[in-house]
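Structure first, commentary second.
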Amino acid sequence: MPKRLSLAATLIALPFFCFAGDFVEGKHYTQISDQAPSKTPKVTEFFSFFCHNCFNMEVQYLPAIKAGLKSDISFDTKHVDFMNSDIGTEVMRALAVIHASERQTEMARAMFNAIQGADGAQGHHDHSAEGHSTNSKSAKSHEPQIQSRDDIKAVFAGFGIDGAQYDKLADSKEADAKLALWRQQQQEFAVQSVPSFVVNDKYMVNLQEIRTLEELSGLMNYLATEKDKVEDQGGSLGWAALGLLALAAMGRRRLA
């Protein structure tokens, strides 16, 4: 019996300490809010249709990242307002319209393509880059199709959304609320680069410290479903593990 107890203590304690130790606060992630985490587990990507790294993330990596998330974790996207311009706001409204559609992935990629061109996902061109000039030969070869709301409407028309329907969705109270929230959280969470991933409205992932997609999904799963649970129960779990280890030690003394 003492040997069995010792084994049970090891099996119980080992996963707790090893799993919690896999990811380090300040290295793999940062707490960005003192508020309670979101009521339901979620991952939010802050991105921009003007960012080629975001386009690359959308095409190359997001499908695998989403597939690696636990089934109860939702995934959301929010557009940053780095441009602080009329066309920047129109593009943000375009994402709000996309959220109201059942073809979100296709429509999002159509917007990326319209702004960056097909090569945008490979990082060949970034229209939001500092010093970008539409007068250069390189820029002309990648001239964005999106210069106004009418240009955006032309993209959405390909998905069966006519101009009147687009205006109704883009100018709705729901769209206004989304843009206000995105801007508020951009400031609140200190989002300074894109793409950025925020988990449960509380933790920012440090992508520079992540080596594989499996590690990224594992970190997101941990932050979304385990981090605060472990902290809330840390005292009881810790004492329980120590108690079992103490009993195991007593059992070993008896055998000796």
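The values are calculated or read from the model by the stated rules, or taken from the named source; none is laboratory data. The shown structure was predicted, so the numbers you read here are calculated from the model rather than taken from an experiment. Here the Cβ is made from the backbone with ideal geometry for all residues, glycine too, and neighbour counts use every protein chain on show. Calculation scope for accessible area: heavy atoms of the full protein, side chains included, ligands and nucleic acids excluded. Shrake-Rupley method; radii C 1.70, N 1.55, O 1.52, S 1.80 Å.
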Inset, instruction - Filter segment 33-55 down to the residues that are buried (at least 24 other Cβ atoms within 10 Å of the Cβ) and assigned to a helix (DSSP H, G or I), then identify the one that is farthest from the chain's Cα centre (by Cα). - result: Phe55
Legend entry - Residues located in segment 203-212, provided they are open to solvent by 20 Å² or more (accessible area, probe 1.4 Å) and within 13 Å of the chain's Cα centre (by Cα): Met204, Asn206, Leu207
Inset, instruction - Could you run through segment 154-187 and say how many residues are part of a helix (DSSP H, G or I) and over 27 Å from the mean Cα position of the chain (by Cα)? - result: 7
Legend entry - Qualifying residue in segment 10-19 (condition: modelled with pLDDT of 95 or more, open to solvent by 40 Å² or more (accessible area, probe 1.4 Å) and assigned to a helix (DSSP H, G or I)): no
Inset, instruction - Output the qualifying pairs, or none if there are none: Cβ atoms under 7 angstrom, residues six or more apart or on different chains, first residue in segment 213-237 and more than 17 Å from Ser74 (Cβ to Cβ) and modelled with pLDDT of 70 or more, second residue part of a helix (DSSP H, G or I) and open to solvent by 10 Å² or more (accessible area, probe 1.4 Å). - result: Leu213/Tyr61; Leu213/Ala64
Inset, instruction - Test each condition in (1) more than 22 Å from Val194 (Cα to Cα); (2) open to solvent by 20 Å² or more (accessible area, probe 1.4 Å); (3) modelled with pLDDT of 95 or more for Gln104 and report the one that comes out false. - result: (1)
Legend entry - Number of the condition not met by Lys66 [criteria: (1) assigned to a helix (DSSP H, G or I); (2) touching a residue at least 12 places away in the same chain (Cβ under 8 Å)]: (2)
